[in-house]
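Below is one structure, written out as structure tokens, with a few remarks after it.
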Amino acid sequence: MPPIHPILLKGAWRRGYALDQHVIKSVYLGPDSAGHDRFETTRSEAGELLYRLKYKGDQTVIPELVAALAQFVKTGWKIADRLQAIVPVPPSKPRARQPVLLLAQGVGAVLGLPVLSSAAKKAKTAPPIKDISDYEARRSILKEAFVIDSEVTQGRSLLVLDDLFQSGATLNTLTEALYLAGKAHAVFVLTVTKTRA
């Protein structure tokens, strides 16, 4: 299990955390032969595990990440007994195996919580926002981005799980949708890592 350095995340949710920073240090090395910028990047241990899972498809890191997430919910944050279900953030792009869903299923198994993978879905018209860094621009695009199944969220205390916290636009929009359309009782947010920006 990687060491963690929890970071409080502020937003529309009741309380939220990232287990650690994603990148500790990044040094610009100049362009490569094709003109692409190169960096020497040092990630936190949780950040390295997440990078391997998300970008290299290395599923062997899942048990370590699940253990860190579940342990933090139980003993660091101490809210496991207040939660009734986990809602994984819907993926922004299709993959054969979705990292956030795999993590949510692992955490749900450890904590004895159902994973509501159908509670929040991306609307068919929602464009990808991965490359948009401006918070307000992201929020504008995300306004109609989620379809919520209130049948499974109404009145429940939910843990929304994501892999990487960047601007908070996606998590804020999803949280608001879970409260308004989903009639959730409480929404808590947990991510593996947070970007430095």
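The values are calculated or read from the model by the stated rules, or taken from the named source; none is laboratory data. Because the structure is a prediction, the values reported are computed rather than measured. With ideal geometry, Cβ positions are generated from the backbone for all residues, glycine too; neighbour counts draw on all protein chains shown. These accessible areas exclude ligands, DNA and RNA; they are computed on the full protein's heavy atoms, side chains included. Shrake-Rupley method; radii C 1.70, N 1.55, O 1.52, S 1.80 Å.
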Note to self: Per residue of the stretch 76-93, what does 6.51 cos²θ - 1.76 cosθ + 1.60 with θ = phi - 60° give for ³J(HN,Hα)? Whole Hz please, x for Gly and Pro, Karplus curve as stated.
What the structure shows: x, 8, 6, 10, 3, 6, 8, 8, 10, 6, 10, 10, x, 5, x, x, 8, 9
Margin query: Check which residues have an amide H placed less than 5 Å from Val189's amide H, if you skip close sequence neighbours.
Written below: Arg15, Gly16, Tyr17, Val160
Check: Efficiency by 1/(1 + (r/R0)^6): what FRET value for Glu40 and Ala123, r their Cβ-Cβ distance, R0 = 41 Å, to the nearest 0.05?
Finding: 0.55
Notebook entry, point to check: So what's the angle, to the nearest 10 degrees on a 0 to 90 scale, between helix 99-111 and the longest Cα principal axis of the chain?
Noted result: 50 degrees
Next item on the list: Choose one answer from Val27, Val66, Val147: the residue with the largest mean-square fluctuation in a GNM of the chain with alpha-carbon springs under 10 Å.
Entry: Val27
Next item on the list: Mind listing the long-range amide H neighbours of Val23? Cut-off is under 5 Å, sequence gap 5 or more, other chains count too, H placed in the peptide plane at 1.01 Å from N.
Entry: Ser44, Arg196
Next item on the list: Using a 1.4 angstrom probe, figure out how much accessible area the chain has per residue, in square angstrom, rounded to the nearest whole.
Entry: 51 Å²
Margin query: Given Cβ point charges of +1 (Lys, Arg) and -1 (Asp, Glu) and nothing else, what value in debye, to the nearest 20, does the dipole of the stretch 33-107 about its Cα centre take?
Written below: 240 debye
Next item on the list: Report Rg (one decimal) and Dmax (nearest whole number) for the chain, counting Cα atoms only, units Å.
Entry: 16.7, 56
Notebook entry, point to check: Got a sec to turn the phi values of the stretch 57-62 into Karplus ³J(HN,Hα) couplings, 6.51 cos²θ - 1.76 cosθ + 1.60 with θ = phi - 60°, whole Hz, x for Gly and Pro?
Noted result: x, 7, 7, 5, 7, 4
Notebook entry, point to check: Applying 1/(1 + (r/R0)^6) with R0 = 35 Å to the Cβ-Cβ distance of Thr195 and Glu151, what FRET efficiency is obtained, to the nearest 0.05?
Noted result: 0.55
Checklist line | Under Karplus coefficients 6.51, -1.76 and 1.60, residue-wise ³J(HN,Hα) of the stretch 14-27 in Hz, glycine/proline x | finding: 5, 7, x, 9, 10, 5, 6, 5, 7, 10, 8, 8, 9, 10
Next item on the list: Working from Cα positions, state the angle (0 to 90°, nearest 10) between the long axis of helix 169-180 and the longest principal axis of the chain.
Entry: 0 degrees
